[in-house]
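Single-structure report; data block below.
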Amino acid sequence: MQPRSWPEPDPVIAAAIRSMYRGKRQPPLPVRVRDELGELFADAEFAAAFAAEGKPGWSPGRLALITVLQRVENLTDRQATETVRADLSWKYALGLALDDPGFDASVLSEFRTRVIAHGLEEKALDLLLAKLVEKGLVKAGGKQRTDSTHVISAVRDLNRLELAGECVRAALEAISAADPGWTSRVLELPGWAERYRVRIDSWRLPASETKRDELARAYGADGYALVEAVYAPFSPAWLRNLPAVQALRVMLIQNYVRVTDRKGREVVQRRRPLKDGGEGLPPGRVRLTSPYDTDARWAAKGDNMFWNGYKLHISETCHTPADTNGKTIVPPNLITNVATTDATVPDSQMTEKIHQMLAARRLLPGEHYLDSGYPSAELLVGARKTFGIALITPVLLDHSSQARAAADYDRAAFTIDWDAEQVTCPQGQASSSWSRCTQRDTEAIVVKFSGEICRPCPVRSLCTSAKKGGLQLTIRARPLQQALDQARADQTGKDWQDKYKLRAGVEGTMRQAVAVAGVRRARYRGLAKVHLEHVFSAVALNLIRLDAWWNAHPLDRTRSGHLARLELAELALAA
């Protein structure tokens, strides 16, 4: 691949576009993007992923734009390549000749693979944001908001029994494809053809618990036999590196144990939870859910939402004025960052990582609006100290029994003298001890009141439920506790609540991402590919918003016209 500048739009195509969209008719999005942003994705930015010698390849910058437009229209690879050949607006945006034959659909898949292999997943969003910074539509400071949504993986949901059988079947299938004669030479076990002829989840499992346990043990025994054969000296060493074989090994470790029975024979048993007196199961963050997507994880939110897959975090600007040529304008809300994790990662673990990603783009906000899943006392202090960001977010309230009973004395009723290392209770009595400690890997301070003081106190029941001794109070280190107390006090005020209403708009962005870009269900398997899909979806949503703004029809701050049209179509189909 030799980096070259994109050609100007073909004069014949340009004339046809001008003829079709003369007067008040607005040109389609690809045409407006080319006119406003020019060569958005330069070939040189992707050159590291391609060789400098060999057969000439397609322009990677153009392939990046095609992938973005593919997400705008929610097209498959085949549909996208056909649109490149047939749609004049796409040819205009890409600088293609009228008779350009396009390319095979497999080129898009190869392009995505190369981008991931060379760590260029963020490149498309970086280039778009850099262009928008030049135009004054995005800048550091101001206000941004972030929210997350669940993403369902592109694999079937399997229970533990189905997972065990499918891991064995997938490994057998991969080995047979890689070395067709290996299984017939090495494996001679009865019942294998019957058990693994078709996908495990395509037939009804036994209803009897006894038969299900018997089948589970058979899957485990077959899996151990297969792994031992693969790792035997007579087998090719490269077989053990097959992803399906590695997935089988992980499944066996997580779901089975080998024990010795009363007769001294080694038998395979399923792992049982610790609460049932078993060996214990791995935590959800590492537990394999499918042999075909080893990054997907089961997670739950509340009592009614369970999903197998990933989680997507989207950050966007909100009501950020910009000064362009002496005129103050309000640009559209634009996505500045996307982060993808497996489904088990808590939102609070992503707050600092999101700030680091925004800092790398030099787009840190002055105020960051978040829901209660993202903050902690450490993050409230750290975000301001490290990044200069004020987190506008509700923090979890005091959940002690005293706080839940509004008439009792909660932590806020006690006065802390940090310099004297002493706490005074609502009755004016001073604490007797101040001890620093570590609780759950977090620095804390335990404050105790003398039993001689607390026992005769007439309001003792309002402070503590302890039967003996005095009150014991646990607080955080000084900067953390002060930040937590201030945040809890602020969020009860009307001014703060009115200000926090700005965060609600991000819900519309999530709805738009689901309805327009289809991010609710992953198209690909594996965290890297799913994240690349989300990056291109974010670029596509930005172009949709910019197109509406350029045409003087800015989208609603929480809902888009395109989204509304989709919902009307869904209602029509339902009717």
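The values are calculated or read from the model by the stated rules, or taken from the named source; none is laboratory data. Here the structure is a predicted model, which means the values were calculated and not measured. Note: ideal-geometry Cβ built from the backbone for every residue, glycine included; neighbour counts use all protein chains shown. The accessibility values were calculated without ligands, DNA or RNA, using every heavy atom of the protein model including side chains. Shrake-Rupley method; radii C 1.70, N 1.55, O 1.52, S 1.80 Å.
Seen from ARG285, the other residues with C-beta closer than 9 Å to its C-beta sum to a net charge of +1, counting Lys and Arg as +1 and Asp and Glu as -1.
Computed over the alpha-carbon atoms, segment 103-258 gives an Rg to Rh ratio of 1.17, Rh here being the Kirkwood radius from the mean inverse distance.
Counting only protein chain heavy atoms and rolling a 1.4 Å probe, the accessible areas of PHE306, PHE387 rank, largest first, as PHE306, PHE387. Counting only the Cα atoms, the chain fills a convex hull of 256 Å³ per residue.
The distance linking segment 171-209 with segment 469-547 is 45 Å (Cα centroid to Cα centroid, whole angstrom). Taking every Cα-Cα distance in segment 431-515 and sorting them into 10 Å bins starting at zero, the pair-distance distribution P(r) comes out as 14, 25, 25, 19, 11, 5, 0 percent.
Provide the per residue accessible area, probe 1.4 Å, for segment 66-121, rounded to a whole number of square angstrom.
For segment 66-121, the per-residue accessible area is 43 Å².
The shape of segment 40-189 can be summarised by an equivalent ellipsoid whose semi-axes, obtained from the alpha carbon gyration tensor, come to 38, 24, 16 Å from longest to shortest. In the chain, helical runs assigned H by DSSP with n ≥ 4 each contribute -39500 (n - 2.57); averaged across all residues and rounded to the nearest 500, the mean residue ellipticity at 222 nm is -12500 deg cm²/dmol.
Can you work out D for segment 110-174 in µm² s⁻¹ from Stokes-Einstein, where Rh is the Kirkwood radius over C-alpha pairs, the temperature is 20 °C and the viscosity is 1.002 mPa s? Answer, rounded: 128 µm²/s. Each listed q (0.14, 0.25 Å⁻¹) maps to a log10 I(q)/I(0) for segment 77-131, found by the Debye formula over equal Cα scatterers with no solvent: -0.50, -0.99. Per atom type, the chain shows carbon and sulfur on 51% of its accessible surface, probed at 1.4 Å.
By the Cα gyration tensor, segment 330-390 has an equivalent ellipsoid whose semi-axes, rounded to whole angstrom, run 18, 16, 11 from largest to smallest. Taking only the Cα atoms of segment 203-250, the ratio Rg/Rh comes out at 1.14, with Rh defined as the Kirkwood radius. Based on protein heavy atoms only, segment 145-303 ends up with 54 Å² per residue of surface accessible to a 1.4 Å probe. Three principal axis extents describe the C-alpha atoms of segment 238-346; from largest down they are 89, 41, 15 Å.
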